[in-house]
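Chemist: My structure is below; once you've seen it, I'll send some questions.
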Amino acid sequence: MLNSKQRAKLRGFANTMETILQVGKGGIGEQLVKQVDDALTARELIKMRVLETAPEPVRETAQKLAEETGADVVQVIGTRFVLYRRNAENPVIEL
């Protein structure tokens, strides 16, 4: 669980990041969960986008993906959200 200071630092990092994955009309499936898991392992911090055609709202989508991958939701703004999961073996971001 992140504290507010850590969350603020991660939001700062996420400001300059590009969106790397999108959730569309198919919603959250096994393949998307696998891609998110792999991206979090490699980067620790990722930004995603939820398209208008997605079956669930942005906040619910972010929360479901966080639960399925063991990540924390850092930020939800508009159609985008940011997830963070520390890589214990090879940390990329120092908090």
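Throughout, read-outs are computed from the coordinates displayed, never taken from laboratory work. This structure is a prediction, so every number in the text was calculated from the model and none was measured. Cβ sites come from the backbone with ideal geometry, for glycine too, and all protein chains shown count toward neighbours.
Chemist: For the chain, what does the helix formula give at 222 nm: sum of -39500 (n - 2.57) over DSSP H segments with n ≥ 4, over the residue count, nearest 500 deg cm²/dmol?
Modeler: -12500 deg cm²/dmol
Chemist: Which ordering of E67, E56, E94, E44 is given by a fewest-first count of other beta-carbon atoms within 10 Å?
Modeler: In order of increasing Cβ crowding within 10 Å: E94, E67, E56, E44.
Chemist: Still on this structure, I have one more. Here are labelled values, (i) 32, 26, 20; (ii) 58, 32, 18; (iii) 36, 25, 22, and one is the computed Cα extents along the principal axes in Å for what I pasted. Which one?
Modeler: Only one option fits the structure, namely (iii).
Chemist: For the chain, compute the number of Lys pairs whose alpha carbons are separated by less than 25 Å, excluding pairs fewer than 8 positions apart on the same chain.
Modeler: Number of lysine pairs found: 10.
Chemist: With point charges of +1 on the Cβ of Lys and Arg and -1 on the Cβ of Asp and Glu, referenced to the Cα centre of the chain, which listed residue (G70, S4, Y84) lies farthest in the positive direction of the dipole?
Modeler: Towards the positive end, the residue furthest out is S4.
Chemist: Mind putting a number on the dipole of the chain about its Cα centre? Charges go on the C-beta only, +1 for Lys and Arg and -1 for Asp and Glu, and I need it in Debye to the nearest 20. Please report the intermediate quantities before stating the final value.
Modeler: Values: 14 positive and 13 negative charges, 82 e Å.
Roughly 400 debye for the chain.
Chemist: Choose one answer from A62, A14, A54: the residue with the largest mean-square fluctuation in a GNM of the chain with alpha-carbon springs under 10 Å.
Modeler: A54
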